[in-house]
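This report concerns only the one structure given below.
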Amino acid sequence: MIPVSTLLGDDADAATVGSRQRGATVVWHVTGATNLECSYRRIGAGPGPADGELTTAEGQDLIDDLAAYGVDVLRLAGGEPLLRDDLDDLIDYATDAGLETVLETNGTLLTEDRAAALESAGLTEVAVAVDGLDERHDEIWGQEGAFDDALDGIAAVQAADVPVTVRFTITDENAGDMEEVVDLLALEGVARFEFAHLEYDEEDVMDFEVDHEAQRRAVRRVCDLTLDAHERGHEVETLLTGNYADAGYVYQYAREELGEDRAAAVRDALEAIGGDAAGEAIADIDYQGNVHLTPDWQRYSLGNVRDRPFSAIWEDESNPVLRKLRDREEHVPDRCPNCDYYSMCRGGSRHRALAATGDLWARDPQCYLTDEEIGLDDPSVSAD
Amino acid sequence: MTDDANTFEEGDQPRGRASREWEVFVRADIDGPLTHVGSVTAEERDGAREQAGALFEDPVAIWLCPDEAVFRYTDDAHTPGESA
């Protein structure tokens, strides 16, 4: 996660707050049930509870294990997590265990009563997907009125005094809506916006990917709109996720717009954040208990919490993929260790490389930085 | 079997989601054991083999087993949900 507004603010050092510890954040897809079909996300299983979902008792044992292991944040995702009947109980149990809980939702099922119950259970934050202005969002989520329902849901969460993050996933369809979404929702009192690049481990989702130039424009838009909002007195918080090539770009932006001294602090902060965290600080557990290296890498599982606790699976470096990810500098393409920004990126997304090329250790197809930008002296290594 | 012998819980919950799940075992070198290294998701055996081959470089053997053919028996002291 790249905290753009903090980096471009007056105190870039504050951006280093956040844990790089192993398994600091765990995403648990509590259900496969969905009420909307998102065009770019394939984790849902259909309208009803999916086969083999972890039971309440299994979920509570999972939470106990996560808490004992030292996990800080449990992100409850789906499917649509609000379709799980025992969600409030799970949040309550996780809160008692000392975990922060974040709900990842499409927002359409959030009413004031539901939001108040979630707040009572101890929910820390709600992240609502808003992927464009009304018609665009409705098209992406496959239902007319989904945008309006999501905004009603956001209002319900705000009424319950639970912090809201709006999550905007950048695709080839919606990049042009970014500023207007921020302007509209900032007026509604939303103060935190996450701009997520498309992550995938299947080729067909690549159809929604934006090209390198469009990605650069999108990241620049995020930086520009952040500074613009702050100049206008709106203290919005902006984040970029899903592509650590952005770290190099944001650093370059800081050099251009803020000068070398402040850019140096931005660089230090980005290096402390440390780049891609798959297999390390972030983990994923699907609704059947399969443990994945990161949320959008669903086609490979390290093991299942019904066989071994998450903590044992995540610590088992006899697994060659886990071990290599944690020692990735030895394996990433030649271009990466020679890149000026390697320590703030660490080779980008391995699952995107795998989906795009069939090679786990190929170049991340969303690395849009040129050889010149990354300080590559020897063009012969750029082909990787 | 003694009174304090482990008791085992049979796990029969499905693990494939959008398509089938395949348990993967690799032998890194000819003198070493066959080791379980996780599972991959694929409709067909060839797709599972392709994925496993991309993830695990240069093993001397890869074994694939469809998830539904595995019968799992785990000491119930280590089975989640049994303590409640």
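All of the numbers you see were taken from the coordinates with simple rules; none came from a lab. Just so it is clear, the structure is predicted and the values come from calculations on it, not from any experiment. All Cβ positions, even for glycine, are placed from backbone atoms using ideal geometry, and neighbour counts span all protein chains on display.
Numerical summary
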item: Helix-only mean residue ellipticity at 222 nm for chain B, each DSSP H run of n ≥ 4 adding -39500 (n - 2.57), per residue, nearest 500; result: -4000 deg cm²/dmol
item: Theoretical ellipticity at 222 nm over chain A - DSSP helices of four or more residues, -39500 (n - 2.57) apiece, nearest 500; result: -11000 deg cm²/dmol
item: Positive-end extreme of charge dipole, the protein assembly as shown - chosen from A:Asn319, A:Thr238, B:Thr79 (charges on Cβ); result: A:Asn319
item: Global form of chain B, assessed from the alpha-carbon gyration tensor, a/c cut-off 1.5; result: oblate
item: Angle between chain B longest axis and helix B:45-55 axis [Cα atoms, degrees, rounded to 10]; result: 80 degrees
item: Paramagnetic label zone (point 7 Å from Cα along Cα-to-C-beta, B:Thr7; backbone N under 20 Å) in segment A:54-70; result: A:57-58, A:61
item: A:Glu100-A:Thr357 FRET efficiency (beta carbon distance; Förster radius 51 Å; 0.05 resolution); result: 0.90
item: A:Arg326-B:Asp46 pseudo-label distance in nm [points 7 Å out on the Cα-to-Cβ vector]; result: 3.7 nm
item: A:Glu317 paired with A:Asp11, simple spin-label distance in nm, labels 7 Å along Cα-to-beta-carbon; result: 3.5 nm
item: Model label zone, A:Thr56; criterion: amide N under 13 Å from point 7 Å along Cα-to-beta-carbon; scope segment A:105-134; result: none
